[in-house]
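Here the structure comes first, spelled out in structure tokens, and everything after it is commentary.
The values are calculated or read from the model by the stated rules, or taken from the named source; none is laboratory data. Here the structure is a predicted model, which is why all the values come from computation and not from measurement. We place every Cβ from the backbone using ideal geometry, glycine too, and count neighbours over all the protein chains shown.
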Amino acid sequence: MRLPLGNKNWLSCATLILVAGCDTGTPLFWALPAQKIEIQGMQFEVRPLRQWAEAVRITDLWFPKTETVLPLALTAIRSATGCADITPLTADPSVITARLNCPLAQNPLP
């Protein structure tokens, strides 16, 4: 089946957008400055916001498992925020969001 030229361009744009968004994180954290943290060879960009933080894995891995990435991401969040008591809220192999169970004084707004 032949696709008209317009459909090929649409498919290319959609693919590019999806690939570009793989290490972007969630909209709530987009505007915040990221701190790059490396834990056991895996790199994360960590963005804290009040009582929450998000870790985005930026190391390329072939089909990583959440069970492998989650503990390292939580360690990266602890390292970036100084908060040892955190609770994971959402997790997939690329983006992990956690609640910081520490006083806000340790994690002020940027």
For this session: Select, from Pro64, Pro48, the only residue that is in a loop (DSSP other than H, G, I, E, B) and more than 10 Å from the chain's Cα centre (by Cα).
Result: Pro64
Problem set entry | All positions within the stretch 78-93 that are touching a residue at least 40 places away in the same chain (Cβ under 8 Å) and either surrounded by 20 or more Cβ atoms within 10 Å (Cβ to Cβ) or part of a strand (DSSP E or B) (or both) | Ala80
For this session: Sort out which residues of the stretch 78-103 are closer than 12 Å to Gln51 by Cβ and among the hydrophobic types (A, V, I, L, M, F, W, C), and write them in order of number.
Result: Cys83, Ile86, Leu89, Ala98, Leu100, Cys102
Seminar exercise, completed: In the stretch 22-75, residues that are surrounded by fewer than 16 Cβ atoms within 10 Å (Cβ to Cβ) and aromatic (Phe, Trp, Tyr) total 3
Problem set entry | First in the stretch 64-77 and closer than 14 Å to Glu38 by Cβ, second anywhere and among the polar types (S, T, N, Q), Cβ under 9 Å, 6 or more apart | Val69/Ser94; Leu72/Gln40; Thr75/Gln40; Ala76/Gln35; Ala76/Gln43
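Residue-wise test of (1) among the charged types (D, E, K, R); (2) farther than 18 Å from Gly25 by Cα.
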{"site": "Gln40", "(1), (2)": "no, yes"}
{"site": "Pro48", "(1), (2)": "no, no"}
{"site": "Gln51", "(1), (2)": "no, no"}
{"site": "Arg57", "(1), (2)": "yes, no"}
{"site": "Trp62", "(1), (2)": "no, yes"}
{"site": "Ala76", "(1), (2)": "no, no"}
{"site": "Ser79", "(1), (2)": "no, yes"}
{"site": "Ala98", "(1), (2)": "no, no"}
Exercise. Would a scan of the stretch 102-110 turn up a residue that is modelled with pLDDT of 95 or more and not in a loop (DSSP other than H, G, I, E, B)?
Worked result: no
